[in-house]
Amino acid sequence: MVSLREMKDKEYIPQKMYAKMFIGGAFSLSKTILFNMGELKKLRKLPPNAERYIRPKRDYEIPEFKPSMKVINSNEKYLRPTLFCDHHDPEVVAFAHKFGAFKKSDREYAETAFEFVKEHLSLEICPLDGVGVTFRRGTGTCFHLISAFIALCRAAGVKARYKVFAMNMIQAWYETTVEADPLVKKWYDSMGYFMLEGEGEAFIDGEWVVAHVGPKAERQAAAGIPITKFGEDSIGRWFFAIPGTIMRMESIPYGFSGSTKFLKKLAPGSMERVNLSILKQIKRGRKIIEDAGGVESYDRMARAEKGAKKPKLEIEKTQKIVFEE
Amino acid sequence: MKNNFDEYIKKFDTQVQKYIPPKENWTPSDHAVYGVKDFFRIPIKEAQELQFKAIKYQFKNHYENNKMYYGFCKEMKITPDNIKSYIDLEKIPLIPGEFYKDYPNGKDFALWLANIFTGDIPQVKIKGKDPNFDDVINSFNATGLVVAYSSGTSGRHTFIPRDRKTFDISEYAIAKAAITMTYPIYNYHMKGYLLMPNPFKTNVFAGKVCTIYYDAISEVTAAIDREINTEVIKLSMTGTGGFKAKLVQKYLSRMTKKIVNNIIKFLEKNSKEKNDIVFAGAPFFLYAVTKKLMEQGRSFDFSDKCAILTGGGWKVHEDSRITVEKFRKQMQDVLGVKPEHCVDLYGMVEGNGWMIQCPEGHYLHIPYAYYHPMVLDDEFKPIGFNKSGRFAFLDGTTYSYPGFIISGDKVKMLEHCPVCDRPGPVLEPEVTRAAGKEMRGCAEEVRRMISMDIGDE
């Protein structure tokens, strides 16, 4: 039984912004559902002859776990187990040792964990479950993948946490598809409260380093963007966070898993179509990478094409700005 | 004819004197704006000289007084010494427009604004523990600066900090471009209708830059006469925000109906009194007015007594968008406004360049005495004339931030207007958004698919 103190301490209780979005979203989505019951049918099933989603086989073996393997047992913030992220799971411990836990430097180790999670675990929209299950399945939502990265870090004594934000809609798509139909717009907007994006962050050499583990190289190639490296933030590059919605958390909060389960119940047909679409993106991206001569040369090309360099801005304090509280 | 035009501009300059700095203090940037009578009829060689001096002057200013831009130039290995002649201008490092969209929240937003500013900022006092965008902007603007922002169709605003001098140039340039292209229709006694928020009650650039309208014309009515801040825009543009957003959207919808009725009353009154009138702002309102008049089987005849200057796009009314040709035809059919008196303007918060359609061919003419336009390919290299690409520019008039920008718009630039005899470069009339690279996160994938399923008939 988790005490109230622990709930607060480990941030199981949602932050104010998260709670605000969650309540607002529940109200908005309930209303949308209530007034559009007929439309729900479309979300529930696939046509009889439609292509079905078959989960891809994972492309790795799970290393053998030995009870003697060292693992961090700490109650320190960002190093302890949290909801859906228990780094004591045997799969996590075994992988941590395979990746050089307690042997490599924190940065080298985190980079290895990042590369593995990003490039070997595939995106699949499914209800949230533990990290051990994610490694066994080889797929998961971006939150499964972030948890996998965080668990690997914590198992090796590297502090890690979640960075969660609501993403701005993609304007080109929004204009052409969503705005064209008021009903679609209603659904899209009401879902925006729950559909949070995220990244991991690992504490290395005195600073938090971001890990955007969600998309594997093939998906990024399919989108025509460079392959994210460890330390490269998705925000400001290919995502824009809605101002004020960026939250850092030790744990996935209560309620988050419920919303993914609800979505699966609400729209199983749509979920399957998302997963099919992801597989197609991966296939398309693989071809793009092959045609480019491999991941590295694709990345070079994509970065060259991205071309327009931005200035670097380090925000410095100035006496000219006075805050009066 | 020339004398008449000189007299026409002189009258305008008299009305807007407060926007023009004393001549003895003019910099090369001021010469390129205030020192020319007709932005669009300067001989090319003369314009290039003015442009070179203005842009080089500003490049040196930002290189020496803006730490962020100095670092960027160092990285690109370009210094003011590399800019020796007109052809060197395209070496000046360009900042992608997205840079000005990538800002933090709260107190850090204030520091971000201070850090992108060129030169010294005045002391800014910001109240509150967790100031929002509007708190910060209003605090900056209370010192005499003019921080303004784009409407942020995508839900993300572009924030640009202008000092008074830079903002005055922008206001003067937009008004001068407008009256130049609609020559000889402008006179101080016209009655104006601003199809935008009241400039004194908003920091949205498209509205704010119209303050000069109130000085150039004797009587102006603003269509939206309430405070419009980032929160209201967010709620009305993006649809997020639940109950509050619904309320705002309902209010805006009711307000639009009211505005349409007010504009019809304005037309009736001025038709009766035989006044000259001028509309400036978002085309949607006039589209809605003329649609309503058509439904009522009514029309007006303002043939030589009305000018229409549109700009700013259709925003939340994108679903009603009609082509510029259709728009002009509708204005002629219902209001009697001659197509040559109905012109569109293209500009953006990131710069002081106002491209305006010529009455003869409706191509967008560029004020090339202070503004160097470029079209870039996918690798962000200039591709010259007659090819479509991303619009970029070097603005020689921005003192307080580097106005050397790669925009998000797709254009085609021609060396001359194919229709009229003005000598400078033009853009083809329809400007579109350049296709961007898209990455969808897993949440966005789900959201998109459900929405598509719902919309799939």
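The values are calculated or read from the model by the stated rules, or taken from the named source; none is laboratory data. These numbers come from a predicted model, not from an experiment. For neighbour counting, all protein chains shown are included, and Cβ atoms are generated from backbone atoms with ideal geometry for every residue, glycine included. When the accessible area is computed, the model is the full protein with side chains, heavy atoms only, and any ligands, DNA or RNA have been set aside. Shrake-Rupley method; radii C 1.70, N 1.55, O 1.52, S 1.80 Å.
Here's a check for you: in the range B:82-130, which residue that is farther than 19 Å from B:Tyr149 by Cα and hydrophobic (A, V, I, L, M, F, W, C) is nearest to the other protein chains (Cβ to nearest Cβ)?
Looking at residues that are farther than 19 Å from B:Tyr149 by Cα and hydrophobic (A, V, I, L, M, F, W, C), I get B:Leu94.
Residues in the range A:1-47 that are among the hydroxyl-bearing types (Ser, Thr, Tyr) and surrounded by 15 or more Cβ atoms within 10 Å (Cβ to Cβ) were compared, and the one that is farthest from A:Leu79 (Cα to Cα) is A:Thr32.
If the condition is being open to solvent by 20 Å² or more (accessible area, probe 1.4 Å) and closer than 27 Å to B:Lys208 by Cβ, then the range B:270-281 contributes B:Asn275, B:Asp276.
Within the range A:293-322, the set of residues being free of Cβ contacts under 8 Å to residues at least 12 places away in the same chain and more than 9 Å from chain B (Cβ to nearest Cβ) comprises A:Gly293, A:Gly294, A:Glu296, A:Ser297, A:Arg300, A:Met301.
Quick check: anything in the range A:46-55 hydroxyl-bearing (Ser, Thr, Tyr) and out of contact with any helix residue (DSSP H, G or I) (no Cβ under 7 Å at 6 or more places or on another chain)?
Looking for residues that are hydroxyl-bearing (Ser, Thr, Tyr) and out of contact with any helix residue (DSSP H, G or I) (no Cβ under 7 Å at 6 or more places or on another chain), one finds none in the range A:46-55, hence no.
Listed conditions (1) out of contact with any Ser or Thr (no Cβ under 7 Å at 6 or more places or on another chain); (2) open to solvent by 100 Å² or more (accessible area, probe 1.4 Å); (3) part of a loop (DSSP other than H, G, I, E, B) are all met by A:Ala50, apart from (2).
Taking (1) in contact with a Phe, Trp or Tyr (Cβ under 6 Å, 6 or more places away or on another chain); (2) of a type in the set (Phe, Trp, Tyr); (3) within 12 Å of chain A (Cβ to nearest Cβ) in turn, B:Phe52 satisfies each apart from (3). Going by the structure shown, is A:Val274 within 7 Å of chain B (Cβ to nearest Cβ) and open to solvent by less than 40 Å² (accessible area, probe 1.4 Å)? Yes. Out of B:Met190, B:Met181, one residue alone is touching a residue at least 12 places away in the same chain (Cβ under 8 Å) and surrounded by fewer than 22 Cβ atoms within 10 Å (Cβ to Cβ). It is B:Met190. Taken together, the residues in the range A:118-141 that are more than 14 Å from every other protein chain (Cβ to nearest Cβ), touching a helix residue (DSSP H, G or I) at 6+ places or on another chain (Cβ under 9 Å) and not acidic (Asp, Glu) amount to 8.
Residue check: B:Tyr69 meets all listed conditions (1) open to solvent by 70 Å² or more (accessible area, probe 1.4 Å); (2) over 23 Å from the mean Cα position of the chain (by Cα); (3) at pLDDT 95 or above; (4) not basic (Lys, Arg) but one, namely (1). Set side by side, the residues B:Gly353, B:Gly384 differ, and just one is in contact (Cβ under 8 Å) with a residue 40 or more places away in the chain and assigned to a loop (DSSP other than H, G, I, E, B), which is B:Gly353. None of B:Gly119, B:Gly97, B:Gly128, B:Gly106 is free of Cβ contacts under 8 Å to residues at least 24 places away in the same chain and open to solvent by less than 50 Å² (accessible area, probe 1.4 Å) except B:Gly128.
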